[in-house]
Amino acid sequence: MTNLPVQTKTLDLIGNTPLVLLDGPSKAAGCEIWGKCEFANPGASVKDRAALWIIRDAEKRGELKPGGTVVEGTAGNTGIGIALVANALGYKSVIVMPDNQSKEKMDTLRALGAQLVTVPPTKFADPNHFVHTSRRIAEETENAVWANQFDNVANRRAHIEGTAPEIWEQLEGRVHGFTCAVGTGGTLAGVGLGLKERDENIRIALTDPHGAALYNYYENGELQAEGSSVAEGIGQGRITANLEGAPVDTQFRISDAEGLEWVARLLREEGLCLGLSSGINVAGAIALGRQLLADGVENPRVATILCDTGFRYLSTLYNAEWLRAKDLPVFDWLGSASEG
Ligand code: PMP
């Protein structure tokens with residue numbers, strides 16, 4: 001018998017991702033920092049989990065019928081998860097995305113067979129915002145469901161029932177802190193609730209990028225954003241249904257430059273090619289580890305999420321011209337090719 005994992009259904013490849021000890025971040029924090037390898041999901045992001053739980057929930061409720069269509073508005077990763085799960089279960093998918101997201105995500109969605117609709121990036125209050133557009137398309141399409149990842153709590157259940165118990169088991173119940181950034185809030189709230197069920201002393205921290213409103217919300221009750229971020233998939237301005245009741249004990253705000261530095265170091269020193277939300281999460285995990293140490297917790301262990309693969313951002317994060325145009329530090333190994 002082999003000890004290697006064997007699955008009889010492709011959808012069982014979603015979840016049960018490895019947890020890896022991150023050397024550089026652990027040294028920087030002075031304690032163990034662990035990363036949950038969500039890029040190892042079939043769609044290469046954490047959002048495969050939400051896609052699977054949302055689609056299975058719609059089936060259970062009788063809303064999604066054979067031959068039906070799943071419609072969703074997304075920064076891209078949820079769409080990729082939905083397209084793959086829909087393919088595996090015989091459904092169609094329509095994905096609405098703001099057109100400022102990476103080209104790789106749009107190309108991937110088309111390649112997977114999703115119908116891709118792009119809209120200009122606008123504020124949530126605009127009726128043409130990608131979320132509202134996706135809801136309208138679902139209403140107008142026969143035999144279609146709207147996944148509604150922001151306010152459908154089947155999303156966070158994926159993390160209450162999946163990600164949290166996995167982290168708990170992988171760390172054999174010795175975990176002191178967890179943090180991640182928020183897009184829908186499914187991961188933060190779901191892992192937070194799932195871990196607190198097991199040990200209410202585990203410290204749950206929000207790691208917010210600039211340009212999001214949640215840092216201030218948890219700090220002083222005001223949903224107020226400052227600055228901006230180029231990180232895709234994170235940065236929330238409201239309390240989604242998934243975020244309601246999230247057990248947030250503390251909060252950190254991390255700049256793109258700091259997140260990018262960890263993206264660079266994790267690639268060059270540890271061979272992990274990740275997106276910017278992962279770098280921001282790792283910077284947040286280091287801050288949380290230091291805070292736990294300062295509060296006298298001995299040898300604290302902190303876990304965070306490595307949300308998606310960096311291959312999704314070759315034209316942005318890993319492109320010197322793009323970085324320069326955004327006034328961000330350019331990874332030195334990307335060289336000066338585009339300068340001449
Ligand atoms: N990172 C990336 C790259 C994402 O696409 C997302 C999802 N939008 C997140 C982080 C945040 O996950 P969640 O929606 O569970 O808050």
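What's the total number of residues in the range 78-124 that are in contact with a Lys or Arg (Cβ under 6 Å, 6 or more places away or on another chain), within 18 Å of Leu317 (Cβ to Cβ) and assigned to a strand (DSSP E or B)?
0
Rundown of residues vs (1) assigned by the TED database to the domain that holds His176; (2) among the acidic types (Asp, Glu); (3) touching a residue at least 24 places away in the same chain (Cβ under 8 Å); (4) within 22 Å of Gln291 (Cα to Cα), yes/no style:
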position: Glu200; (1), (2), (3), (4): yes, yes, no, yes
position: Ile204; (1), (2), (3), (4): yes, no, yes, yes
position: Pro209; (1), (2), (3), (4): yes, no, yes, yes
position: Gly271; (1), (2), (3), (4): yes, no, no, no
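Among (1) surrounded by fewer than 17 Cβ atoms within 10 Å (Cβ to Cβ); (2) within 16 Å of the ligand (Cβ to nearest atom); (3) part of a helix (DSSP H, G or I), which single condition is Glu139 missing?
(2)
Checking the conditions here, which among Thr17, Thr2 is out of contact with any Leu (no Cβ under 7 Å at 6 or more places or on another chain) and outside the structural domain of Glu258 (by the TED database)? Outline the logic, then answer.
Numbers: Thr17 fails: outside the structural domain of Glu258 (by the TED database).
Only one candidate qualifies: Thr2.
If we keep just the residues of the range 268-285 that are assigned to a helix (DSSP H, G or I) and more than 16 Å from the ligand (Cβ to nearest atom), which is farthest from Phe331 (Cα to Cα)?
The extreme case among them is Glu270.
In the range 172-189, how many are surrounded by 21 or more Cβ atoms within 10 Å (Cβ to Cβ) and more than 16 Å from the chain's Cα centre (by Cα)? Please lay out each step first, then the result.
So the first thing to find is which residues in the range 172-189 are surrounded by 21 or more Cβ atoms within 10 Å (Cβ to Cβ), and the list is 175-189.
In the following step, the residues that additionally are more than 16 Å from the chain's Cα centre (by Cα) were identified as 175-177.
Total satisfying the criteria: 3.
Of all the residues that make up the range 312-329, how many are outside any helix (DSSP H, G or I) and among the aromatic types (Phe, Trp, Tyr)?
Taking the range 312-329 first, the residues outside any helix (DSSP H, G or I) are 314-319, 326-329.
Then drop every residue that is not among the aromatic types (Phe, Trp, Tyr), which leaves 318.
Of the residues in that region, 1 qualify.
Out of curiosity, is Asn16 over 30 Å from Asp126 (Cα atoms) and touching a residue at least 12 places away in the same chain (Cβ under 8 Å)? Steps first, please.
Values: over 30 Å from Asp126 (Cα atoms): yes; touching a residue at least 12 places away in the same chain (Cβ under 8 Å): yes.
The answer is yes for Asn16.
Just the residues that are assigned to a helix (DSSP H, G or I), closer than 21 Å to Gly79 by Cα and in contact with a strand residue (DSSP E or B) (Cβ under 8 Å, 6 or more places away or on another chain), please, taken from the range 20-46.
Filtering the range 20-46 for residues assigned to a helix (DSSP H, G or I) gives 23-29, 38-40.
From what's left, closer than 21 Å to Gly79 by Cα: 38-40.
Once the filter is applied, which keeps residues that are assigned to a helix (DSSP H, G or I), closer than 21 Å to Gly79 by Cα and in contact with a strand residue (DSSP E or B) (Cβ under 8 Å, 6 or more places away or on another chain), the range 20-46 yields Glu38, Phe39.
Hey, among Ala325, Ala231, Ala303, Ala287, which residue is among the small types (Gly, Ala, Ser), without any contact (Cβ under 8 Å) to a residue 60 or more places away in the chain and buried (at least 19 other Cβ atoms within 10 Å of the Cβ)?
Testing whether each residue is among the small types (Gly, Ala, Ser), without any contact (Cβ under 8 Å) to a residue 60 or more places away in the chain and buried (at least 19 other Cβ atoms within 10 Å of the Cβ) leaves just Ala231.
Hey, can you tell me all the residues within the range 28-54 that are more than 16 Å from the ligand (Cβ to nearest atom) and either closer than 13 Å to Ile82 by Cα or of a type in the set (Phe, Trp, Tyr) (or both)?
Narrowing the range 28-54 to residues more than 16 Å from the ligand (Cβ to nearest atom): 28-34.
Answer for the range 28-54, where residues must be more than 16 Å from the ligand (Cβ to nearest atom) and either closer than 13 Å to Ile82 by Cα or of a type in the set (Phe, Trp, Tyr) (or both): just Trp34.
Has the range 185-195 got at least one residue that is among the hydroxyl-bearing types (Ser, Thr, Tyr), more than 15 Å from the ligand (Cβ to nearest atom) and within 25 Å of Gly310 (Cα to Cα)?
Taking the range 185-195 first, the residues among the hydroxyl-bearing types (Ser, Thr, Tyr) are 187.
Now narrow it down to the ones that are more than 15 Å from the ligand (Cβ to nearest atom): none.
No, that holds for no residue.
Can you pull out the residues in the range 120-136 that are of a type in the set (S, T, N, Q) and either surrounded by 21 or more Cβ atoms within 10 Å (Cβ to Cβ) or within 16 Å of the ligand (Cβ to nearest atom) (or both)?
Residues of the range 120-136 that are of a type in the set (S, T, N, Q), as a first pass: 122, 128, 133-134.
Correct list: Thr133, Ser134.
Being free of Cβ contacts under 8 Å to residues at least 12 places away in the same chain and either away from the ligand (no atom under 12 Å from the Cβ) or crowded, with 24+ Cβ neighbours inside 10 Å (or both) narrows it down to one residue among Glu169, Glu161; which is it? Quick ask: steps written out before the conclusion?
Details: Glu161 fails: free of Cβ contacts under 8 Å to residues at least 12 places away in the same chain.
Checking each option against the conditions leaves just Glu169.
Results for (1) touching a Phe, Trp or Tyr at 6+ places or on another chain (Cβ under 8 Å); (2) part of a loop (DSSP other than H, G, I, E, B); (3) under 19 Å from Ala164 (Cβ atoms), shown as yes or no for each residue.
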| site | (1), (2), (3) |
| --- | --- |
| Arg238 | yes, yes, no |
| Asn242 | yes, yes, yes |
| Gly245 | no, yes, yes |
| Gly259 | no, no, no |
| Trp262 | no, no, no |
| Leu266 | no, no, no |
| Ala287 | yes, no, no |
| Gly296 | no, yes, no |
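The values are calculated or read from the model by the stated rules, or taken from the named source; none is laboratory data. Nothing here was measured: the structure is a model prediction, and the numbers come from that model. Counting neighbours? That spans all protein chains shown, and the Cβs are built from the backbone with ideal geometry, glycine included.
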